[in-house]
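Below is one structure, written out as structure tokens; comments come after it.
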Amino acid sequence: MSTQTEIRKWTLPELAQAKRDGRRLVMLTAYDYGFARVADANGVDLVLIGDSLGMVVQGRASTLPVSVADIVYHTGVVARGLARAMLVSDLPFQSDATPERALEASVALLQAGAEMVKLEGAGHKLEVIRFLAERDIPVCAHLGLTPQSVLKLGGYKVQGRDEAAAARLRADALAVAEAGASLLVLECVPSAVATAITQALPIPTIGIGAGPGCDGQVLVLHDLLGIDMGHRRPKFVKDFLADGGSIAGAVRAYAGAVRDGSFPDAAHSY
Ligand code: KIV
């Protein structure tokens, strides 16, 4: 008889069940094998290979220069470090411009080890989400502040602040879920708006700068570890290493704070 606890991978139906059960989901970015292992062993449910790697790994000014090949490479090395967490990989800038391009990039990501792809926006992306979902490719949508639109947005700003913008965001959120997305990241959105969207949606929402009312939270690994990236830290960022005592302790503290609802608090929300 084995005395070992069985380690099982998260599945898509379990994510949906977590929302129904009111179990908060913990997501964290990782970009290499070692940090993937730390995340996996310390309470992280979903690991994201974000195109934030352009900024925190490659030292670029934005996420726009990141290529599919970059994300495929990091997906492969992170996948080897995960026994339990689900692996979500970003579709980088314009790799999802058409359904066909998105399918080609998604196949490369899934073949490298991703279990879901993430893409930014609604509008013409609804067709892309539907096209991928109909072909059994799990999709995480991303609304609110969408960093790939930084040139159009004119900077990294909180979205959905006025009533009309909040209503558009809510309509987009319902539309991405209807198109077949399994998960929705909401970035830099007032707490009240994100909470209302979360309550209206059948799929889990994962907030970053979107308040405590989401079904889960995501942070960029370097932000959680308090690494200075040479620019002003957004309000939602918290250095968990300061109190965590070690990298593993910081990840555990983050996961615990998301699960017990103490992060994000009002000081880390809009
Ligand atoms: O690229 C990334 O890391 C992301 C998260 C900030 C959600 O999209």
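Listed values, structure above:
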item	result
Selection from G113, F131, L153, by position along the positive dipole direction of segment 95-204 (Cβ)	L153
Sites A192 and L153 - FRET efficiency at Förster radius 22 Å, r taken between beta-carbons, to 0.05	0.55
Relative contact order computed over the chain (Cα-Cα under 8 Å; 6+ residues apart), in percent	18 percent
The chain - percent of accessible surface contributed by carbon and sulfur, probe 1.4 Å	53 percent
FRET E, pair A164, E6, Förster distance 51 Å, beta-carbon r, rounded to 0.05	0.55
1.4 Å probe accessible area per residue over segment 54-116, in Å²	40 Å²
Built amide H within the under 5 Å cut-off of G226, gap 5+	F240, L241
Å³ per residue enclosed by the Cα convex hull of the chain	129 Å³
D228-D265 FRET efficiency (beta carbon distance; Förster radius 25 Å; 0.05 resolution)	0.65
Surface accessible to a 1.4 Å probe, per residue, for the residues of segment 163-242, Å²	38 Å²
For segment 219-225, 3J(HN,Hα) per residue [Karplus equation, 6.51 cos²θ - 1.76 cosθ + 1.60, θ = phi - 60°, Hz, x = Gly/Pro]	9, 7, 3, 5, 5, 4, 8
For segment 34-103 versus segment 171-218, the gap between their alpha-carbon centres in whole angstrom	20 Å
Qualifying trypsin sites (Lys or Arg not before Pro) in segment 1-90, DSSP loop, other Cβ atoms within 10 Å at most 13	R8, K9, R80
Trypsin sites (Lys or Arg not before Pro) restricted to DSSP loop in segment 217-261 with at most 10 other C-beta within 10 Å	R232
Long-range amide H partners of K118 with built H, under 5 Å	S89, D90, L91, C140
Potential lengthening between Q111 and R23 on full extension [0.36 nm per residue; Cα-Cα distance subtracted]	28.7 nm
Ellipticity estimate at 222 nm from DSSP helix runs (n ≥ 4, -39,500 (n - 2.57)) divided over the chain, nearest 500	-11500 deg cm²/dmol
Charged-residue dipole, Cβ positions (Lys, Arg, Asp, Glu), the chain about Cα centre, Debye nearest 20	300 debye
Cβ-based charge dipole, the chain, positive-most Cα from L91, T75, M55	M55
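The values are calculated or read from the model by the stated rules, or taken from the named source; none is laboratory data. Being a predicted model, the structure only gives us computed values, none of them experimental. FYI the Cβ positions are ideal-geometry reconstructions off the backbone, even for glycines, and counts take in every protein chain you see. We work out accessible area using only protein heavy atoms, side chains counted, and drop any ligands, DNA or RNA first. Shrake-Rupley method; radii C 1.70, N 1.55, O 1.52, S 1.80 Å.
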